[in-house]
Amino acid sequence: MNAIASVAQGFIGLFTAGGETFTGWVTGIIPQVVCLLTFMNSIIKLVGEEKVEKFAKKLTSNMILRYSLFPLIADIFLGNPMQYSFGRFVEEKYKPAFYDASVSFCHPITGLFPHANAGELFVFMGIAEGVKKVAGSYSDLAVRYFIVGLIVITIRGIVTEKIYFRLAGINKK
């Protein structure tokens, strides 16, 4: 009887944990994302949708800028996970590669712009503490991590685009 009660308690515990996670989202990340979406849409309305679309189209028409500067802007201004909403300005065929580049930049940006991915700041700070003990400062690490991150996301975006095009049977133009 104790075994059955234990299994039942574990089963209910699974749903209790799920409810606690959901409550955390409702009181944490969901309001943040809604506020950021509202802010982003307000800025777009103030600036003008045509101007924003034109700027984004111009920026994303260049492969290098599409996978370096565009994710950088999205990450700095909106942070994780809101940065992915910039995908709305990317042509449909480029969205998988944009997402790959953007998600790959979540960690490298943290040293210089901690707000961009505050949830993962502990990873950077853990590594930085070791560097700080040896070198006395982690500023160099943050700058190098950022630069290498930009290079890597650009390469990842280009490679992901080529792989996606190949798998989807899409010709470049």
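Some notes on this structure:
- Counted by Cβ distance under 14 Å from P96, the other residues give a net charge of +2, where Lys and Arg count +1 and Asp and Glu count -1.
- Counting only protein heavy atoms and a 1.4 Å probe, the chain has 64 square angstrom of accessible area per residue.
- If R0 is 30 Å, the Cβ-Cβ spacing of T27 and S85 corresponds to a FRET efficiency of close to 0.90.
- Note on the chain: with charges restricted to the Cβ of Lys and Arg (+1) and Asp and Glu (-1), its dipole about the Cα centre is near 720 debye.
- Over the chain: helical MRE at 222 nm, DSSP H runs n ≥ 4 each giving -39500 (n - 2.57), nearest 500: -24000 deg cm²/dmol
- Here the gap between S137 and L59, fully extended at 0.36 nm per residue and compared with their Cα-Cα distance, gives a gain of 24.6 nm.
- Residue pairs, from the table K51/K93; K45/K95; K54/K162; K51/K162; K58/K95, whose Cα atoms sit over 20 Å apart: K51/K93; K45/K95; K54/K162; K51/K162
- Length released on extending from N41 to F165, taking residue separation times 0.36 nm less the Cα-Cα span: 41.6 nm
- Formal net charge of residues neighbouring M82 (Cβ-Cβ distance under 14 Å; K, R +1; D, E -1): 0
- Percent accessible area from carbon and sulfur atoms, the chain, protein chains only, probe 1.4 Å: 68 percent
The values are calculated or read from the model by the stated rules, or taken from the named source; none is laboratory data. Quick caveat: nothing in here was measured; it's all calculated off a predicted structure. Methodologically, a virtual Cβ is constructed for each residue, glycine included, from the backbone with ideal geometry; neighbour enumeration extends over all protein chains shown. What goes into the accessible areas is simple: the full protein's heavy atoms, side chains included, and nothing from ligands, DNA or RNA. Shrake-Rupley method; radii C 1.70, N 1.55, O 1.52, S 1.80 Å.
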